[in-house]
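FYI, it's all coordinate maths here, none of it is from the lab. Quantities reported herein were computed from a predicted structural model and do not represent experimental measurements. Here Cβ is always computed from backbone atoms with ideal geometry, including for glycine, and neighbour counts include all displayed protein chains.
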C-alpha cells in the first residue's frame with residue numbers, strides 16, 4: 001500500500017452524478033485563510049501551513065486554545081479582512097460537473113451555510129443555480145444527507161469522516177492535506193486536476 005492511500009487509477013472511475021463534496025479544505029482554501037486571520041487579527045506570524053498536521057488545531061499548534069477558537073469562529077461568521085480563496089482548479093471542475101449532471105451537491109459540517117453560499121455563487125458563476133449546499137452542523141450528520149441524495153463518492157479532507165463514510169457504504173476520496181497524512185487505503189488526490197482525471201464524464 002502507498003504511504004498514504006491509493007493514487008490516480010486508470011481503472012477506478014467516479015460517476016459525477018453520484019459524487020459530492022466537502023467544502024473547507026477541499027473547495028475552499030480555509031486553512032490559508034486561518035493563517036491570514038492569525039496574522040491580521042492576532043499578530044501571529046510563526047505558524048506555517050505545513051505545521052497544521054492535525055484537524056484539531058490545539059493538538060499541533062502551540063497557541064492559546066481561546067485564540068484558536070476565536071480565530072476559527074471568525075472563519076464561520078465572516079469576521080476577517082482577508083479573502084477566502086478557492087483551492088486551485090476547484091471552480092473549473094465543479095462547473096464542469098454541474099454542466100454534465102445538472103447538479104453539484106456540497107455537504108459541510110458548518111452550522112450555517114449562508115456565508116459560504118454567497119462565496120460559492122462567485123466560484124460557480126453561471127452554474128450556481130445547479131448547486132446545493134447542505135450545512136449539517138456535525139460530521140456525523142453528513143451521512144444521512146449523502147444517502148438521501150444517492151451519493152456513492154464523497155471528497156473529504158478529514159480522515160475521521162472518511163472512516164464514517166466507508167463504514168456507511170459511501171466511498172471516500174481523500175483530498176490530501178497536511179492534516180490527513182495517516183495511513184489509509186482510500187482513493188487519494190492531491191489536486192483538482194488529479195480528481196478530474198478520476199471522473200467518468202459523459
From (1) surrounded by 14 or more Cβ atoms within 10 Å (Cβ to Cβ); (2) closer than 25 Å to residue 79 by Cα, pick out the condition that doesn't hold for residue 114. (1)
Can you name the residue in region 75-106 that is free of Cβ contacts under 8 Å to residues at least 40 places away in the same chain and surrounded by 19 or more Cβ atoms within 10 Å (Cβ to Cβ) and, of all such residues, is nearest to residue 126 (Cα to Cα)? 95
Looking at region 48-72, which of its residues are closer than 14 Å to residue 158 by Cβ, without any contact (Cβ under 8 Å) to a residue 12 or more places away in the chain and in a helix (DSSP H, G or I)? 59
Take region 99-120 and flag every residue that is touching a helix residue (DSSP H, G or I) at 6+ places or on another chain (Cβ under 8 Å) and more than 13 Å from residue 27 (Cβ to Cβ). 99, 100, 101, 102, 103, 109, 111, 112, 115
